[in-house]
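> Below are the structure tokens for one structure; questions will follow.
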Amino acid sequence: MLNRRRKDLFEDILEDIDDMIRGMFESRIDTEEMGEPLVWGYSMTQHGNEPPEIREFGNVSLRDEMFSGLGLEHQGGAAHVEPGVRKPLVDIMEAEDSLHVVVEMPGITKEDVSLDISGTVLNIKARNGDRKYSERVELPARVLADTAKATYKNGVLEVVFKYDRSDKKSIKVD
């Protein structure tokens, strides 16, 4: 008798999972209308003991979709992506004397890439036919824009900056 109840419970769980999968296939996102695969995810960067920085990437924002119908308000606002524009995966690596920004943008050429920097914000845009990328990257430190070296190879953009240490002064201890 106990064995039968466990089997019924297990079958109920499998039916629930089947209903969830069926619901995902019938979701509000119409992939045929988008005309390209849907890409969405998170990347995480952590610098030392600081709290981790979590960023969204892809060509669609599903955060509103996740929180809809749950009665929950999403804190911090969703990163809405313009239709057809992809948010590339971005990694930031800090070395002793330089800052490396690595961006994955397949399907374009180096001539398609446009970079500009203002303060500690690096703006990245790229377009080649129907492939469009756009990202605003907040750099973790001040850098010297004149020292930037950018290379693009096999779908990966790397931008290397030297740190701006112009206000660093030594203090003599008496």
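> Here is the link list: K125/K162; K125/K168; K110/K168; K110/K162; K132/K162. Which ones come out longer than 25 Å on Cα distance?
Correct reply: K125/K168; K110/K168; K132/K162.
> Skipping prolines and chain starts, which residues have an amide H placed within reach, meaning under 5 Å, of the one on R86, given they are 5 or more residues away or on another chain?
K132, Y133, S134
> Considering only protein heavy atoms, what is the solvent-accessible area of L14 at a probe of 1.4 Å, reported in Å² to the nearest 10?
Around 90 Å² of this residue is reachable by solvent.
> Go through segment 9-24 residue by residue and turn each phi into a ³J(HN,Hα) via Karplus (6.51, -1.76, 1.60, θ = phi - 60°); whole Hz please, and just put x for glycine and proline.
4, 4, 5, 5, 5, 4, 5, 4, 5, 4, 5, 5, 5, 4, x, 5
> A further question on this structure: Across segment 76-173, what fraction of all alpha-carbon pairs, as a whole percent, falls in each successive 5 Å bin from zero upward?
The distribution over segment 76-173 is 3, 12, 22, 22, 16, 11, 7, 3, 2, 1, 1, 0, 0, given as percents.
> Rg/Rh for segment 130-174: what does it come to with C-alpha atoms and Rh from Kirkwood?
Here Rg/Rh amounts to 1.20.
> Once you place label points 7 Å from the Cα toward the Cβ at R165 and D19, how far apart are they in nm?
With each label point 7 Å from Cα toward Cβ, the separation is 6.2 nm.
> Could you state how much accessible area D8 has, in square angstrom rounded to the nearest 10, with a 1.4 Å probe and all protein chains kept in place?
The accessible area comes out at roughly 60 Å².
> Using the Karplus curve 6.51 cos²θ - 1.76 cosθ + 1.60 with θ = phi - 60°, what ³J(HN,Hα) values do you get for each residue of segment 138-153, in whole Hz, with x for Gly and Pro?
7, 7, x, 8, 6, 10, 8, 4, 5, 8, 4, 10, 10, 10, 10, 8
> Show the residues, 5+ positions off or on another chain, whose built amide H is closer than 5 Å to the amide H of M105.
Those qualifying (amide H under 5 Å, at least 5 residues apart or on another chain) are V156, L157.
The values are calculated or read from the model by the stated rules, or taken from the named source; none is laboratory data. In this text, all values refer to a predicted model and were calculated from it rather than measured experimentally. FYI the Cβ positions are ideal-geometry reconstructions off the backbone, even for glycines, and counts take in every protein chain you see. Each accessible area value is taken on the protein alone, full model and side chains, heavy atoms only, with ligands, DNA and RNA left out. Shrake-Rupley method; radii C 1.70, N 1.55, O 1.52, S 1.80 Å.
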